[in-house]
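Report on one structure; see the data block that follows.
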Amino acid sequence: MRLGEEVFGRYRLTREPISEERDNVEVWIAHDAAEGRDVVLKRARLTGNGQGALGRLQAAARALDRLKGHPHVVALYETRHVEEGEAAGFWLVVEYGSGGSLDQQPRMRPEQAARIGAQIADALTALHAEGIVHCDVKPGNVVLTGDGTAKLTDFDSAYRVAGRVTVTPNAPLSYTPDYAAREIARGNIPIPESDVFSLAATLHALVAGKPPRPWEHSVEFQAERGVIRVDDEVTGPLRDVLSPGFRS
């Protein structure tokens, strides 16, 4: 796979891939000639440790399909399973957020962060109603459209709860310590409130420029113990809204 190559006769690769070697996954930005739009191509390779990556991407596809049409969840356009050749692997084709992810944005006013938070909270409400916990809500997993609408993306860590149809295989949780709730960092079963904590940490980072973890110890140590420190820049009504999310 090379920059400029056309995949499946329609997707021209326009940016170098973002590779996650540990998970045997690669991510490309491409232009869909058939629809005249940019898309994200995500492939789980079938070699090496590819079976774990395959399970995670298949789980992500099932989660996205259950949330089809939600205004604050990226759209899943198609999936493909290719057994042989250079394009071998399991592919997701999903919506591209032309406004970039939130970790590419400058610090925001509390009002702007609150609007984004309300949109992602709406997405999480729908997700939790389907018996799924996202498990990795963070600035890098929220993208903006051209008009500034926020959308939740990257459902590779989605975890089934409440006895619903299996969404993710039994595998170690993947999470980001800066934004993880204590139960996830400890390896316990995720709960919907885990996503609420992560959303609160995400909004904190949007306003203060950093997540609410101090630096006296390793981030993993802090996450396991539920340590947080709300920055003085997070003031007024937003601080009152975020504080309940940082439950003890």
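Total residues in the stretch 44-62 satisfying the condition of being crowded, with 18+ Cβ neighbours inside 10 Å and touching a Lys or Arg at 6+ places or on another chain (Cβ under 9 Å): the figure is 6.
Output yes when any residue across the stretch 7-16 is under 25 Å from ALA123 (Cβ atoms) and either modelled with pLDDT of 95 or more or not charged (D, E, K, R) (or both), and no when none is. Lay out the reasoning, then the answer.
The first filter runs over the stretch 7-16 and keeps only residues under 25 Å from ALA123 (Cβ atoms), leaving none.
No; the residues of the stretch 7-16 include none that is under 25 Å from ALA123 (Cβ atoms) and either modelled with pLDDT of 95 or more or not charged (D, E, K, R) (or both).
Here VAL39 clears all of (1) in the same structural domain as THR202 (by TED's automatic domain parsing); (2) touching a Phe, Trp or Tyr at 6+ places or on another chain (Cβ under 8 Å); (3) not in a loop (DSSP other than H, G, I, E, B) except the condition numbered (1). A count restricted to the stretch 112-145 and to residues that are part of a helix (DSSP H, G or I) and not hydrophobic (A, V, I, L, M, F, W, C) stands at 10.
Which residues, counting only those in the stretch 42-72, are basic (Lys, Arg) and outside any loop (DSSP other than H, G, I, E, B)? Give the derivation first.
Restricting attention to the stretch 42-72, the residues satisfying the condition of being basic (Lys, Arg) are 42-43, 45, 56, 62, 66, 68.
Those that are basic (Lys, Arg) and outside any loop (DSSP other than H, G, I, E, B): LYS42, ARG43, ARG56, ARG62, ARG66.
Restricting to the stretch 201-213, and then to whatever is more than 15 Å from the chain's Cα centre (by Cα) and aliphatic (A, V, I, L, M), can you tell me which residue is surrounded by the fewest Cβ atoms within 10 Å (Cβ to Cβ)? The qualifying residue surrounded by the fewest Cβ atoms within 10 Å (Cβ to Cβ) is ALA208. In the condition set (1) assigned to a loop (DSSP other than H, G, I, E, B); (2) among the hydroxyl-bearing types (Ser, Thr, Tyr); (3) modelled with pLDDT of 90 or more, SER174 is compliant with all but (3). Of the residues in the stretch 94-108, none is without any contact (Cβ under 8 Å) to a residue 60 or more places away in the chain, surrounded by fewer than 22 Cβ atoms within 10 Å (Cβ to Cβ) and touching an Asp or Glu at 6+ places or on another chain (Cβ under 6 Å). Among the residues making up the stretch 73-107, those that are within 16 Å of ARG43 (Cβ to Cβ), aliphatic (A, V, I, L, M) and not in a loop (DSSP other than H, G, I, E, B) are LEU76, VAL82, LEU92, VAL93, VAL94.
Considering VAL137, VAL167, VAL161, VAL207, the condition of being within 24 Å of GLY69 (Cβ to Cβ), touching a helix residue (DSSP H, G or I) at 6+ places or on another chain (Cβ under 8 Å), among the hydrophobic types (A, V, I, L, M, F, W, C) and modelled with pLDDT of 90 or more is satisfied by VAL137 alone.
The values are calculated or read from the model by the stated rules, or taken from the named source; none is laboratory data. Quantities reported herein were computed from a predicted structural model and do not represent experimental measurements. As a convention, Cβ positions derive from the backbone with ideal geometry for all residues, glycine included, and neighbour counts pool all protein chains shown.
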